[in-house]
Amino acid sequence: MSEVSLSSALALNPMPQETVWWMPRHEEKLALKKSMSRVDLVFLGDSITQAWEKEGAEVWDEYYAPRYALNLGFNGDRTENVLWRLEHGEVDGLKPKLLVLLIGTNNTGHRQDSPEDTVAGIKQILSVLSNKLPETKILLLAIFPRSAKSTQKLRVLNDTINQKIRYFADNQRVFFLDINHHFVDEKGCLTSNVMNDFLHPNASQYRVWAEAIEPYLSKWL
């Protein structure tokens, strides 16, 4: 099997992370979902989404807790990990009005998957969501910028993916939104004031994120 096809197979093959905390978090989310009286809004993704529970907690409580929101972000997740979680019940039984999906930067950073492979993984996630949540609108976010400069390899990989996944939007059930201009300057540079590690938004940026997507949420929730 070629390197490219092996990478593609990994991105599409549902599997859990092999970390001590990951499976307990999955079980906790299953229990939380079951305990909630209703779920109208779901955030699905990786560490950037999980951080709504820490760096973004104040903004979450203001914007999303009153809207019956469920955070399904897991640190380090790649497309195959999200696919595994979806196959193992994380959205089963739910009928949210909206799901916000942000995934792919760990395919880029951990393995440097080709853009085509990451795109295939995202497409498969959308397909599974279509089957499991047929009445839910999906807000597919462009992968956030990473690396300080727009010419750096991982930024280029993410930008290339974003140019491809925008075509998954049908503007009926799946909608694509690129809010990355809120995080970079006029030259496309990312600063430590926005993302200290040039990957994860600082606490102040969670309000920027929330305000950028609010027109969509206020329309659908």
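The values are calculated or read from the model by the stated rules, or taken from the named source; none is laboratory data. Since this is a predicted model, take the numbers as computed values, not measurements. Neighbour counts run over all protein chains shown; Cβ positions are idealised from the backbone, glycine included. The accessibility values were calculated without ligands, DNA or RNA, using every heavy atom of the protein model including side chains. Shrake-Rupley method; radii C 1.70, N 1.55, O 1.52, S 1.80 Å.
By the scheme Lys and Arg +1, Asp and Glu -1, what is the net charge of all other residues having a beta-carbon under 11 Å from that of GLN152?
Result for the local shell: +3.
In the neighborhood of LEU94, defined by Cβ-to-Cβ distances under 12 Å, what is the net charge if each Lys or Arg adds +1 and each Asp or Glu adds -1?
+3
Would you count, across region 27-169, every pair of lysines whose alpha carbons are under 19 angstrom apart, provided the pair is eight or more residues apart or spans two chains?
19
With 5 Å bins from zero, work out the P(r) of the chain over every alpha carbon pair and list the percent per bin.
1, 7, 15, 20, 21, 18, 11, 4, 1, 0
Can you order the peptides 55-68, 101-114 by their average number of other Cβ atoms within 10 Å per residue, highest first?
Taking the mean over residues of other Cβ atoms within 10 Å, the ranking is 101-114, 55-68.
Suppose we keep just the alpha-carbon trace of region 129-221; what are its Rg and Dmax in angstrom?
Computed over the Cα atoms of region 129-221, radius of gyration and Dmax are 14.5, 41 Å.
Could you order the peptides 17-27, 140-150 from most to least packed, using the average number of other C-beta atoms within 10 Å per residue?
So the order, starting with the most tightly packed, is 140-150, 17-27.
Which percent of the accessible area of region 62-221 is formed by carbon and sulfur heavy atoms (probe 1.4 angstrom)?
Taking all protein chains in place, region 62-221 shows 48 percent carbon and sulfur surface.
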